[in-house]
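Take a look at the structure below.
The values are calculated or read from the model by the stated rules, or taken from the named source; none is laboratory data. Remember, it's a predicted structure, so these values are computed and weren't measured experimentally. Here the Cβ is made from the backbone with ideal geometry for all residues, glycine too, and neighbour counts use every protein chain on show.
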Amino acid sequence: MDFSFLKSEPVAIPYQEPTVPRDALEKARRELLLTTGVVGVGSTMEGLVVYVDSREAVARLPSTIAGLSVHTEVTGPIHLL
């Protein structure tokens, strides 16, 4: 079979500045990690993502922090190896 039609060309993905300022993320991370059940905090283009160990922990979180929307992911407990 001739697959020459599948020639690929390099594709550049443009860099996008994070929409969450680093200092705001660090402040939110410090505060959120003090909340029982929060195991991690990150950011997306839409706001913050908070990783929690249970569904019960989701109820302890606000829907926004400093104008940033808060999304949650239930991961279960996270342990160091």
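For region 54-63, the set of residues classified as surrounded by 11 or more Cβ atoms within 10 Å (Cβ to Cβ) and under 15 Å from the mean Cα position of the chain (by Cα) consists of Val58, Leu61, listed by residue number. Which of the residues spanning region 36-74 are under 16 Å from Ala24 (Cβ atoms), among the aliphatic types (A, V, I, L, M) and in contact with a Gly (Cβ under 6 Å, 6 or more places away or on another chain)? Those that are under 16 Å from Ala24 (Cβ atoms), among the aliphatic types (A, V, I, L, M) and in contact with a Gly (Cβ under 6 Å, 6 or more places away or on another chain): Val49, Leu68. Scanning region 1-46 for residues that are at pLDDT below 85, closer than 27 Å to Leu80 by Cβ and part of a loop (DSSP other than H, G, I, E, B) yields Pro18, Val20, Thr44. Looking across region 64-81 at every residue that is touching a residue at least 12 places away in the same chain (Cβ under 8 Å) and not in a strand (DSSP E or B), the one that is surrounded by the most Cβ atoms within 10 Å (Cβ to Cβ) is identified as Ala66.
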